[in-house]
Amino acid sequence: MATIVGSITTSHVPAIGGAIAKKRQQEPYWKPFFDGFSAARDWLATVKPDVAVVVYNDHGLNFFLDKMPTFAVGAAPEYRNADEGWGIPALPPHRGDLDLSWHLIESLVAEEFDITTCQEMLIDHAFALPMELLWPGPAPCPVRTVPVCINTVQFPLPTPARCFKLGLAIGRAIESWDSDARVVIVGTGGLSHQLDGQRAGFINREFDLLFMEKLVGDPLWVTRYSIPDLVELTGTQGVELLMWLTARGALPGDVNKVHSNYHVPISNTATGLMVLESI
Ligand code: DHB
Ligand code: FE
């Protein structure tokens, strides 16, 4: 059966794509953010995953307000990045893993998650940029991928408890996949940020750091909050932390923190990074 090697959860901000394209990683503004990733890459070099299940939220590139699935899973041979209007160069496509995609879809539906299956799927900055940070080009990305997309754009959003349960079901699906593949869970989004409205620029460092701490040993802690609570506490886009919770749910048993980094701000976002593995 397949092995889950651990999870990497990280923020995603389109401006990171501009910084990579303009080679700004060593500039004082960017360095504390980019430096956080070397430990995650070192860990990846040790655990050597073959496949990444990438839990992320689309921002209007693949799904728009006319059709908005709560949960969607990719089942495509390849996932292309495309222009979202941020003015950053598109990154190369990612290889899919059809066998894991369909196994995951069948397992999730059998567990009563009514997901949308996508045999064509464009991936936005929330998928492409964290993957570029973890496996920088120009070498082709060495892992195959399965995207899992969660709606954080149009209300109603899934509850934190539901996302954690989705994560548990993803973990069970991977562990019942008849394969010798090594699988890493990548979750991208958050932490606290609000891009528009009266509270634009809102950041809650105290909450973010507590969330990161609780995610390790008490991930259900955050399920005490409703989605409106989380909007209040973390900003309208801070609810993207649901991706972290889902990724954490997929890890079997108790976990250890391998690495974490927290830096405020990149653009309008409190950026976090965390590597976890099962004990
Ligand atoms: C920013 C953050 C995001 O999560 C996003 O999807 C877009 C922009 C930002 O801080 O600029
Ligand atoms: Fe986002």
Exercise. Any chance region 169-183 includes a residue that's away from ligand 2 (no atom under 15 Å from the Cβ), in a strand (DSSP E or B), among the β-branched types (Val, Ile, Thr) and surrounded by 24 or more Cβ atoms within 10 Å (Cβ to Cβ)?
Worked result: yes
Seminar exercise, completed: Just one listed residue, out of 71, 127, is under 18 Å from the mean Cα position of the chain (by Cα), modelled with pLDDT of 95 or more and surrounded by 20 or more Cβ atoms within 10 Å (Cβ to Cβ), and it is 127
For this session: Within region 229-244, count every residue that is of a type outside the set (Asp, Glu), part of a helix (DSSP H, G or I) and near ligand 1 (Cβ under 10 Å from one of its atoms).
Result: 1
Exercise. Among the hydrophobic types (A, V, I, L, M, F, W, C), farther than 17 Å from residue 273 by Cβ and part of a strand (DSSP E or B) - does that describe any residue in region 39-51?
Worked result: yes
Exercise. What residue, among those in region 7-35 that are surrounded by fewer than 21 Cβ atoms within 10 Å (Cβ to Cβ) and under 23 Å from residue 216 (Cα atoms), is farthest from ligand 2 (Cβ to nearest atom)?
Worked result: 35
Seminar exercise, completed: When region 245-267 is checked residue by residue, the ones that are part of a strand (DSSP E or B) and either modelled with pLDDT under 95 or of a type in the set (Gly, Ala, Ser) (or both) are 260
Exercise. Just for region 48-64: of the residues that are within 16 Å of ligand 2 (Cβ to nearest atom) and hydrophobic (A, V, I, L, M, F, W, C), which one is surrounded by the most Cβ atoms within 10 Å (Cβ to Cβ)?
Worked result: 55
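The values are calculated or read from the model by the stated rules, or taken from the named source; none is laboratory data. All figures in this text were calculated on a predicted structure; none of them were measured in a lab. So basically every Cβ, Gly included, is an ideal-geometry build from the backbone, and we count neighbours across all protein chains shown.
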